[in-house]
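Every read-out reported here was derived from the displayed coordinates using simple, explicitly stated rules and does not represent laboratory data. Just so you know, these numbers come straight off a predicted model, no measurement behind them. Here the Cβ positions follow ideal geometry from the backbone for every residue, glycine too, while neighbour counts run over all protein chains shown.
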Amino acid sequence: MSDQVGFVTMAGARAEGEAPEIGIGMLGYAFMGKAHSNAFKKLPYMMYPPVAVPRLVAIAGRNEAATAEAAKRYGYQKYYTDWRDMVNDPAVQMFDNGGPNDAHAEPTIAAAQAGKHVFCEKPLARTAAEAKTMLDAVNKAGVKHMVAFNYRFVPAIVQAKRLIESGQLGRIFHFRAVYLQEWIIDPNFPKIWRLDKSVAGSGALGDLGAHVIDLARYLVGEPKRVMGMTKTFVEERPLPDGSGMGKVDVDDAFISLLDFENGAVGTVEASRFCQGRKNYNRLEINGENGTLEFNLERMNELNVFWAHEDPKETRGFHNVLVSESYHPYWENWWPQGHMIGWEHTFVHEFHHFFGAILGKHEVAPYGADFVDGYKNAVICDAIVESSQSGRAVDVKYEA
């Protein structure tokens with residue numbers, strides 16, 4: 001990658017000699033455990049030469065049989081049924097928290113206190129107050145910290161970031177984004193942990209909305225005021241154990257207006273009740289000189305409009321296939337037109353984090369650190385507060 005706007009190249013990232021190993025301790029073996037483990041396996045030979053080589057030391061989970069099977073499947077040297085034992089393992093240098101949201105704060109804080117660098121899935125926490133305890137812990141411990149906002153590492157998003165930072169788009173007027181899925185529309189879908197406030201913190205807001213809120217901050221800037229609405233469409237669902245019905249106390253959908261500090265305005269929306277939408281994360285940014293448009297379901301493409309082009313010749317939206325060797329990260333992958341996918345964002349993300357651990361660069365501003373995770377949680381809380389009060393809410397971060 002070019003470092004003209006602060007992105008670090010692979011050629012400049014490797015120290016002399018062989019790449020050092022970083023011992024990984026993974027909490028969780030399900031969706032994110034699989035995604036992260038897959039990235040660890042790919043990173044050394046695709047981001048070559050690697051800035052560091054992940055060594056899969058241990059994986060932890062509550063179900064011993066499932067955790068043991070995950071250790072065997074992914075290639076971890078050992079497994080634990082208590083995350084505390086893994087945190088105390090001296091071979092673990094980086095703690096990767098891929099557990100449910102209610103298991104983010106305590107294990108991550110303990111790992112930081114034990115001197116481990118920490119990587120945590122999004123949302124960082126269930127509330128801004130909880131996120132602040134995590135931020136305070138990593139700052140006090142002096143460890144490196146990162147939140148898994150992996151869409152920052154989609155090559156087309158990085159390309160959009162470069163265009164914005166170069167000033168080519170000019171003044172930004174609008175940011176609009178939606179993140180739409182369909183998977184819980186059936187009222188007989190059970191009340192899983194993602195539909196329980198005590199575990200998840202929120203519904204579509206924290207699960208999907210956190211991503212588009214992060215992209216809003218990453219690409220456009222800080223919101224200073226929000227106006228939000230949340231909605232729960234199915235208020236009771238069957239309990240997973242078949243014992244009856246349970247109350248759904250999180251949002252199924254949310255919509256929010258954003259007022260940015262730089263004068264731009266925005267809209268963000270997320271729902272898990274959109275028939276036909278599988279993983280539809282679409283954003284558009286309108287500036288004085290042009291427009292950028294991205295859709296995660298077509299993640300290797302960036303639609304670009306430039307106002308300065310001659311309307312009689314080339315003016316119009318251009319569909320740019322972001323797969324050339326000079327595009328972000330592509331020197332590590334395939335010849336142009338041979339696509340990469342969602343899983344590869346985690347490879348890029350961990351490559352970036354390992355560079356930060358080794359002092360090559362900081363996590364922020366191109367990766368999301370716990371400051372970003374905390375600020376994201378503040379914005380999510382403000383949207384909920386606005387929905388409950390019916391008024392606009394100022395975004396206020398603690399010092």
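What percent do you get for the relative contact order of segment 323-369 when only Cα pairs under 8 Å and 6+ apart count?
Reported as a whole number, the value is 23 percent.
Lysine pairs in segment 54-212 with alpha-carbon atoms under 27 Å apart, 8 or more places apart or on different chains: how many are there?
Taking the Cα cut-off of 27 Å, the pair count is 18.
Give the peptides 96-102, 269-275 in descending order of average Cβ contacts within 10 Å, highest first.
Per-residue Cβ counts within 10 Å, averaged per peptide and sorted highest first, yield 96-102, 269-275.
If I build a Gaussian network model for the chain, linking alpha-carbon pairs within less than 10 angstrom, which residue out of Pro123, Pro155, Pro335 has the largest mean-square fluctuation?
Per the Cα network of the chain with a 10 Å cutoff, Pro335 tops the list.
In what sequence do Val320, Val250, Val92 fall when counting other Cβ within 10 Å, fewest first?
Least crowded to most crowded, the residues run Val320, Val250, Val92.
Using the Cα centre as the reference, give the magnitude of the dipole from point charges on the C-beta atoms of the chain (Lys, Arg: +1; Asp, Glu: -1; all else neutral), rounded to the nearest 20 debye.
240
Using a 10 Å cut-off around each Cβ, can you sort Trp83, Trp306, Trp333 from fewest to most neighbouring Cβ atoms?
Trp306, Trp333, Trp83
Please state the equivalent ellipsoid semi-axes for the chain: what are the square roots of 5 times the Cα gyration tensor eigenvalues, largest first, in whole Å?
With the √(5λ) rule applied to the chain, the semi-axes are 31, 29, 20 Å.
What number, in percent, do you get for the relative contact order of the chain if the mean sequence gap of Cα pairs under 8 Å and at least 6 apart is divided by its residue count?
19
Arranged by the count of other C-beta atoms within 10 angstrom, fewest first, what order do Leu257, Leu219 take?
Leu257, Leu219
Going by the alpha-carbon gyration tensor, a ≥ b ≥ c the square roots of its eigenvalues, is segment 260-330 rounded (a/c under 1.5) or, if a/c is not under 1.5, prolate (a/b greater than b/c) versus oblate?
Oblate, since a/c reaches 1.5 and b/c is not below a/b.
Can you list the chymotrypsin sites (Phe, Trp or Tyr not before Pro) in segment 370-399 that are in a DSSP coil and have 13 or fewer other beta carbons within 10 angstrom?
Here the sparse-neighbourhood loop sites are Tyr397.
So how long is each side of segment 292-399 along the principal axes, counting just the alpha-carbon atoms, biggest first, in Å?
Taking max minus min along each principal axis of the Cα atoms, segment 292-399 gives 49, 46, 25 Å.
So what is the calculated 222 nm ellipticity per residue for the chain, using -39500 (n - 2.57) for each DSSP H run with n of 4 or more, over all residues, to the nearest 500 deg cm²/dmol?
Mean residue ellipticity at 222 nm (helix-derived): -8500 deg cm²/dmol.
Any idea what log10 I(q)/I(0) is at q = 0.11, 0.14 Å⁻¹ for segment 24-155, Debye with uniform C-alpha scatterers and no solvent?
Normalising to I(0) and taking log10 leaves -0.36, -0.59.
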